[in-house]
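What follows is a set of notes on a single structure, which appears directly below.
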Amino acid sequence: MDPRNDLPPGLRPPGGGEFFTVTWRADLGSRARLGDLALRLRDLSTAVQLGERWGTQLARAAAYQELVNRIDRDGPRAIDYVAERLGYRPRDLADLHEWVHFGGWPRGPRWRPGHFRFGDPGTLLQAVADMELPDVLGQPPRAERLAYENPLEVVLGGSGLLLAGVASVLRLIRDWSNTRRQGAAEAHSAEAGARERDAKADQCEARADLVRWLVDEATAGRVAIPVGDLLDVVTQDDETALQRLAGDQVELQLPSGLDPPRADRAG
């Protein structure tokens, strides 16, 4: 039995960790110039890098939960194999079993602040889990195909939670480019003739839209880690790129397990 079946759905590598592809299409319009194409590809690269950071956050959470499940199932000796590599005696790691089960610091004369050089038992467990990240991350996304005959089409291939994170960012952009968002964009464009919009206000609006989308995803059960962990790795440059990409008419082809039904999408 695959121990990853015990993980929450959002922390399981898609397709059991096998290779899969994601297809992105964006309509740049009939009068697109070469510079427009270059800008879209640069923004798409920014979005993919953000997705890889999201995937890494997911992978860390998955590795941590898998480790806790292993200790719960097999006892403290489940992680003896890393004790020496981390500089701990097996009995130190055995104390973690009590901490995992009872959620508190084990009692005893040698338990004191600084007993674990990682700060606390939870941080030590995360350090142990991080040693197994390569098995959960999967293959980084690579361009399998790129074509432009309007629409621009990019096919990315990879595996694991890295590409799952990328798929989430691309879904965000696709959802932002839906009918309701386009309607809001038209309403904003009416103001453009009267005044130039403040760049800081645009940035605040983008962050608010991002928070709303992630909260909707979490409410629907599609985000298995705290929303703040994902927000923490989003930069202003990321938000600007996402906004520009969402200005196009976007289509996305994902494996069925990574794309919710249309009626369930946040907008």
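The values are calculated or read from the model by the stated rules, or taken from the named source; none is laboratory data. None of these values were measured; they are calculated from a predicted model. Positions of Cβ are generated from backbone atoms using ideal geometry, with glycine treated the same way; all protein chains shown enter the neighbour counts.
Considering 33, 53, the condition of being at pLDDT 95 or above, in the same structural domain as residue 227 (by TED's automatic domain parsing) and of a type in the set (D, E, K, R) is satisfied by 53 alone.
Counting only helices (runs of 4 or more DSSP H) that fall entirely inside segment 111-186 and contain at least 2 residues that are of a type outside the set (Lys, Arg), crowded, with 21+ Cβ neighbours inside 10 Å and at pLDDT 95 or above, the qualifying elements are 160-176.
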